[in-house]
Amino acid sequence: MELSEIMLRIKEKYHETDSKSGALFLLAVFFEEAGELAEAVRKSEVDSVREELADCLFMVMSLANYFEVEIEEKLIEKYLKDDPSSRWDLPS
Ligand SMILES: [Mg+2]
């Protein structure tokens, strides 16, 4: 299943609820999930990292659906066609 199909199915299932919740609520839940991911990473708990990555990705998709933006196309354009890693300030 491609990312765009997963997003469509998430939209069909959750868009009505997400629309009532509002963008700021969705963003708050995303931050909560990012915090859970941070805790899982800090503890190096791989099963929890997997779980929280799924939660974070779900919330990113919910936000994208809320704003009706196509993230698959942007991901390809920004990270596959281009390579921004040369501009990142990596720790040495
Ligand atoms: Mg979670």
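Assorted remarks:
- Residues of the stretch 46-77 satisfying the condition of being open to solvent by 80 Å² or more (accessible area, probe 1.4 Å) and not in a helix (DSSP H, G or I): F67, E68, E70
- Top-ranked residue in the stretch 22-37 [being within 13 Å of the ligand (Cβ to nearest atom) and open to solvent by 60 Å² or more (accessible area, probe 1.4 Å); ranked as nearest to Y66 (Cα to Cα)]: F31
- Candidates L80, L90, filtered to the one that is more than 16 Å from the ligand (Cβ to nearest atom), open to solvent by 90 Å² or more (accessible area, probe 1.4 Å), hydrophobic (A, V, I, L, M, F, W, C) and assigned to a loop (DSSP other than H, G, I, E, B): L90
- Considered as a group, the residues in the stretch 39-77 that are more than 22 Å from T17 (Cα to Cα) and touching a helix residue (DSSP H, G or I) at 6+ places or on another chain (Cβ under 7 Å) include one that is farthest from the ligand (Cβ to nearest atom), and that residue is E72.
- Residue match in the stretch 5-14 (condition: touching a residue at least 60 places away in the same chain (Cβ under 8 Å), closer than 18 Å to C56 by Cβ and not aromatic (F, W, Y)): yes
The values are calculated or read from the model by the stated rules, or taken from the named source; none is laboratory data. Note that the structure is predicted; figures quoted are calculated from it, not measured. Backbone-built Cβ (ideal geometry, glycine too); neighbour counts: all protein chains shown. Protein only, heavy atoms only, side chains kept; ligands, DNA and RNA dropped before computing areas. Shrake-Rupley method; radii C 1.70, N 1.55, O 1.52, S 1.80 Å.
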